[in-house]
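Here's the structure we're looking at; comments come further down.
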Amino acid sequence: MKLPLFILISLIYCSNVSAQWTWVHGDSLQDQPGNFGIQGVSAPSNKPPSLYESCEWTDLNGNFWLFGGIDHTGGVHNALWKYNVSSNEWTWMKGSSISNDTGFYGIQGVANVNNNPPPRKFGFVSWVSQNGDLWLFGGGKTSSTTECYNDLWKYSVITNEWTWVKGPNVTNQAGIFGNKGIANP
């Protein structure tokens, strides 16, 4: 039996790889409250709380980012965290250090230092644009399907500002589909 070359190479490579994990930062205990430190300032002691269902990105410089999630008390967060792989330090970048904050939409399409998405804990979609902005769409506020967002946000890594780009500023709003394949504001 003749195997295609890519399968043969994959089998050889995979048979010679051993997985190893390295603990690089954070607590060894579950359900920890975290340490926010000072917003915008990295420090060895900074760390996000134990979170479930956070939104995540990897920026163009290889740094990791977290937004939102639910903590061990059931609180939902809207804090944005950056983990610098080179320095092995977390930085609390935006949002509240307390759970269940309301967030602030500001003016649609206008970046502002005060803008911050409301807390969410599941079902959001995230991506990084070619210029390095972090994007966030939708997500659930609670476990109820009637408290979901369909808003679109952009975070500029350079200016440290959120922009509410599109969508309603309340939960439980139906989408507007329009005509398939045709863009429309």
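The values are calculated or read from the model by the stated rules, or taken from the named source; none is laboratory data. Note that this is a predicted model, so its numbers are computed, not measured. As a convention, Cβ positions derive from the backbone with ideal geometry for all residues, glycine included, and neighbour counts pool all protein chains shown. Remember, those area values only see protein heavy atoms, side chains included, never the ligands or the DNA or RNA. Shrake-Rupley method; radii C 1.70, N 1.55, O 1.52, S 1.80 Å.
Numbers for the structure displayed
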item: Filter result (among the small types (G, A, S) and either under 27 Å from G40 (Cβ atoms) or under 20 Å from the mean Cα position of the chain (by Cα) (or both)) within the range 150-185; result: S156, G167
item: Filter pass, G74 being open to solvent by less than 50 Å² (accessible area, probe 1.4 Å) and farther than 16 Å from C55 by Cα; result: yes
item: Selection count, the range 130-165, where residues are modelled with pLDDT of 95 or more and hydroxyl-bearing (S, T, Y); result: 4
item: Filter result for H72 (under 27 Å from G26 (Cβ atoms), without any contact (Cβ under 8 Å) to a residue 60 or more places away in the chain and in contact with a Gly (Cβ under 6 Å, 6 or more places away or on another chain)); result: no
item: When residues of the range 31-67 are limited to those that are open to solvent by 60 Å² or more (accessible area, probe 1.4 Å), under 15 Å from the mean Cα position of the chain (by Cα) and acidic (D, E), the one farthest from L152 (Cα to Cα); result: E53
item: Search result, residues across the range 75-110 that are without any contact (Cβ under 8 Å) to a residue 24 or more places away in the chain and among the aromatic types (F, W, Y); result: F104
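Residue-wise test of (1) under 19 Å from V85 (Cα atoms); (2) aromatic (F, W, Y); (3) at pLDDT 60 or above.
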{"residue": "L8", "(1), (2), (3)": "no, no, no"}
{"residue": "C14", "(1), (2), (3)": "no, no, no"}
{"residue": "S18", "(1), (2), (3)": "no, no, yes"}
{"residue": "W23", "(1), (2), (3)": "yes, yes, yes"}
{"residue": "Q30", "(1), (2), (3)": "no, no, yes"}
{"residue": "F36", "(1), (2), (3)": "yes, yes, yes"}
{"residue": "A43", "(1), (2), (3)": "yes, no, yes"}
{"residue": "K47", "(1), (2), (3)": "yes, no, yes"}
